[in-house]
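First the structure, in the form of structure tokens, and then the observations on it.
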Amino acid sequence: MASSIAIVSITLPLPISITGFSFRCGVLLFCPPLSPPIKRTHTRLLQDESRADTKDPPKGPVHALAYSASPGTYILTGSADRSIRLYNPFPSTSLPGEDRHSRPAVPQGRLIQTYAAHGYEVLSLAVAADNQRFVSAGGDRTVFLWDVTAAVTTKRFGGNVHGHSARINCVSFAGDGDSIVVSGGFDTTVRLWDTKSNSFKPIQVLDDARDAVTSLVVRGPEVIAGSVDGRVRSYDIRMGRVTTDAIGAPVTSVDLTRDGRAMLVGSLDNKLRLMDRDNGACLRAYADPGWKNDDVRLQAMLGGKEKYVIVGDAMAGEPAPNGQGRIWAWDLLTGKLAAKVTVPWGPQGFEPKKKVVGRDGKEKARSNVISCMAWREGGWGDQFCVGGTSGVVTVFGVL
């Protein structure tokens, strides 16, 4: 891996370097990245009381990840097993001392809460700025608004003739005080819901897409929606205006730059594109012969203070060693590949094929896929987490 993107899990004023860890349904798995210059030193399995049998396999893929709002201490995970889990990856800010003959001490992650209400897979999560609420959605065709502390749903949007008629792929908060919830689904619509209203009807329905809506970004009065019809639509809700960018290939992921002038678009033609939002021009394309995806929904994002373009792997191109997952990172400005990071998620061996979401909205049998991720900046440094078919969430830090 290029020396400019050194990956560790946390750096403390101690003579040790923690490199990464994963958790699986209450089990925390310490997993150092394998790419140079960091060498794999050991793998350590830490057991939570909720999982007595550490050999018990995950119940399904992880489809959604979200950090809590600033300072981003906690991580929410949404899975195919219909559960949402809240973790504190670093419950202790201090580490015990060590001698030269012992292995480095590893901070233990902790399962804080499990949220159960979904009857189908959870595909998307979003956390409110006050950290008191979050929303989730998936195969239920219903948006769930949760109270974090009470671990109960306070409102549910949809599930009737006024809601989505098919699976919901993405959700986000919007409006003053995060009073609006935006959802996009396989039924080709984007719907806006008022969290303060008792009405069962959405306050607005955006139905311009001609195929499934796969991704949403909300920035102020704007709602940006990516669709399998190959277009990204930017809605100015206040002005009642929509701007359409034609990508050509089915869109599976959208992320905005901080200034909002460009957007990163992931599509099912083996490419990621940085698009100018003013004139619709493609500023840079990111691709590699070893990275291919024309069938699976992969989330792409900007990370490292917008130095890098980061995406998972559908494992349709170059195989990863030992059947493990992999993350790809390109330099945002030059478009050159900056790193390929192998993601170990447990003992080496064969991972049975599991179901991920395909371009047609149907589940596909795949293995070793990294499909979702989230990035946090601040605290001790940048941190990001990734998940996929293994059911394991791996957390990294970036120096």
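The values are calculated or read from the model by the stated rules, or taken from the named source; none is laboratory data. A quick note: this is a predicted structure, and the numbers were derived from the prediction, not measured. We place every Cβ from the backbone using ideal geometry, glycine too, and count neighbours over all the protein chains shown.
See the values below:
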quantity	calculated
Qualifying residue in the range 362-380 (condition: modelled with pLDDT under 85, surrounded by 17 or more Cβ atoms within 10 Å (Cβ to Cβ) and touching a Leu at 6+ places or on another chain (Cβ under 7 Å))	no
First in the range 139-150 and closer than 19 Å to residue 69 by Cβ, second anywhere and among the hydrophobic types (A, V, I, L, M, F, W, C) and assigned to a loop (DSSP other than H, G, I, E, B), Cβ under 7 Å, 6 or more apart	144/117
Some residue of the range 383-395 being in contact with a Lys or Arg (Cβ under 7 Å, 6 or more places away or on another chain), hydroxyl-bearing (Ser, Thr, Tyr) and modelled with pLDDT under 85	no
Selection within the range 277-291 - closer than 24 Å to residue 377 by Cβ and surrounded by fewer than 22 Cβ atoms within 10 Å (Cβ to Cβ)	277, 283, 284
Looking only at the range 292-322, and only at residues there that are among the basic types (Lys, Arg) and buried (at least 16 other Cβ atoms within 10 Å of the Cβ), the one that is nearest to residue 369 (Cα to Cα)	297
Residue selected from the range 227-251 under the condition in contact with a strand residue (DSSP E or B) (Cβ under 8 Å, 6 or more places away or on another chain) and on the phi > 0 side of the Ramachandran plot, by the criterion surrounded by the most Cβ atoms within 10 Å (Cβ to Cβ)	230
Residue list for the range 252-280, filter: out of contact with any strand residue (DSSP E or B) (no Cβ under 8 Å at 6 or more places or on another chain), free of Cβ contacts under 8 Å to residues at least 24 places away in the same chain and under 17 Å from residue 331 (Cα atoms)	none
Number of the exception - residue 310 against (1) modelled with pLDDT under 85; (2) under 29 Å from residue 69 (Cβ atoms)	(1)
Some residue of the range 82-105 being buried (at least 18 other Cβ atoms within 10 Å of the Cβ), small (Gly, Ala, Ser) and modelled with pLDDT of 85 or more	yes
From the options 225, 246, residue that is under 22 Å from residue 180 (Cα atoms) and not aromatic (Phe, Trp, Tyr)	225
Counted residues, the range 210-227 - those being of a type in the set (A, V, I, L, M, F, W, C) and either touching a Gly at 6+ places or on another chain (Cβ under 8 Å) or free of Cβ contacts under 8 Å to residues at least 12 places away in the same chain (or both)	4
Hits in the range 150-167 (condition: surrounded by fewer than 14 Cβ atoms within 10 Å (Cβ to Cβ), of a type outside the set (A, V, I, L, M, F, W, C) and at pLDDT 95 or above)	154, 165
Residue 256 touching a Lys or Arg at 6+ places or on another chain (Cβ under 8 Å), of a type in the set (A, V, I, L, M) and surrounded by 22 or more Cβ atoms within 10 Å (Cβ to Cβ)	no
